[in-house]
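First comes the structure, then the notes that go with it.
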Amino acid sequence: MSPKELVGVVVYGSERVGKTSLITKYIDGSFNKDDYSQSVGIQMYKKRGVRFQVTSASNEKSSEPETGSTTDIDPGGRQLQSHTDVDIVILEATDTGCIYARRDWVYIKMSVIILAYSTTDPRTLANARSVLERARELQSKAKIFLVGLLADCEEKRAVSFSQGQEVAAEFEVDFRELSAAVDGDRVNGLFADVAPFLVLRDKSVKRTSAADLSVWRKIWKAVMPWSSS
Ligand SMILES: Nc1nc2c(ncn2[C@@H]2O[C@H](COP(=O)(O)OP(=O)(O)O)[C@@H](O)[C@H]2O)c(=O)[nH]1
Ligand SMILES: [Mg+2]
């Protein structure tokens, strides 16, 4: 069986809300408080060799028998593959708040948006709110997880749990608070909840698919809006 990866998740939100820290904690379990690098454009990360149950459309089914995994067909006609080793591709993008039109690929192309804000800064929740409004406007089909980060910073807290919860309820999206610094289990739990909404694809075909190319072209334009192609 060819190597697989799960694609279609972006961690999106204002600058300095803890997006990179969340992803890094998930990928290698590390957290470095002083490690801040301004994220320009889009970063791509990979969590390699994740073992859990993934679901793929039945037309993507491989005929090759797979060792060490069991398969079953769920009532929706999709093939469940248990204990499959996959890579998860995670994008990070900063919401600049003003040129949202350039970020519309996020709402249209991503199957999951982890929409991050900081519990220490109400402006970042306001930004997240405008992202949710834009997603609604574009009738985005993405599964959205609103996530309040830096939840361990109680002394700096400026957004209550219920304020985050209210925004999530208004837009009917999933909600939780997390700390990349202290909540490794909850970080893993978030990505475990995200995984079933992602698209499983063969790593070997990714560079040749026209659909993928158009995504990458859009991303390229978002990173370098002045480029013409
Ligand atoms: N105390 C604490 N600090 C955090 C946490 N997550 C991120 N930070 C710090 O917040 C700053 C911004 O984090 P970063 O992940 O780079 O934010 P990004 O710009 O959204 O990617 C860095 O100095 C991090 O060390 C957290 O859960 N707890
Ligand atoms: Mg970052």
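The values are calculated or read from the model by the stated rules, or taken from the named source; none is laboratory data. Since the structure is predicted, the reported quantities are computational estimates derived from the model, not experimental observations. For neighbour counting, all protein chains shown are included, and Cβ atoms are generated from backbone atoms with ideal geometry for every residue, glycine included.
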- [ ] Give me the pairs, please: first residue somewhere in region 177-192 and among the hydroxyl-bearing types (S, T, Y), second residue anywhere and within 10 Å of ligand 1 (Cβ to nearest atom) and assigned to a strand (DSSP E or B), beta-carbon distance under 9 Å, and either six or more positions apart or on two chains.
- [x] S179/L149
Open item on the list: For region 158-188: of the residues being surrounded by fewer than 16 Cβ atoms within 10 Å (Cβ to Cβ) and among the charged types (D, E, K, R), which is farthest from I113 (Cα to Cα)?
Closed with: D185
TODO: With respect to I108, determine if the residue is of a type in the set (V, I, T), outside any helix (DSSP H, G or I) and at negative phi.
DONE: no
Task: Matching residues in region 135-157 - criterion: being surrounded by fewer than 17 Cβ atoms within 10 Å (Cβ to Cβ), charged (D, E, K, R) and closer than 16 Å to S111 by Cα - done: R136, K141
- [ ] Of the conditions (1) closer than 16 Å to P122 by Cα; (2) out of contact with any Ser or Thr (no Cβ under 9 Å at 6 or more places or on another chain), G164 clears all except one; give me its number.
- [x] (2)
Task: Residue satisfying condition, being modelled with pLDDT of 90 or more and in contact with a Ser or Thr (Cβ under 6 Å, 6 or more places away or on another chain), within set G8, G18 - done: G8
Task: Sole residue being in a helix (DSSP H, G or I) and among the hydrophobic types (A, V, I, L, M, F, W, C), chosen from A126, A158, A151 - done: A126
- [ ] Name every residue in region 98-147 that is hydroxyl-bearing (S, T, Y) and in contact with a helix residue (DSSP H, G or I) (Cβ under 7 Å, 6 or more places away or on another chain), in order of residue number.
- [x] Y100, Y107, S111, Y117, S118, T120, S140
Task: Residues of region 21-49 satisfying the condition of being away from ligand 2 (no atom under 13 Å from the Cβ) and either in contact with a Ser or Thr (Cβ under 8 Å, 6 or more places away or on another chain) or modelled with pLDDT under 90 (or both) - done: S30, F31, K33, D34, G49
- [ ] List every residue pair whose Cβ atoms lie under 6 Å apart, where the two residues are 6 or more positions apart in sequence or sit on different chains, the first residue falls within region 9-27 and is free of Cβ contacts under 8 Å to residues at least 40 places away in the same chain, and the second residue, located anywhere, is surrounded by 22 or more Cβ atoms within 10 Å (Cβ to Cβ) and charged (D, E, K, R).
- [x] none
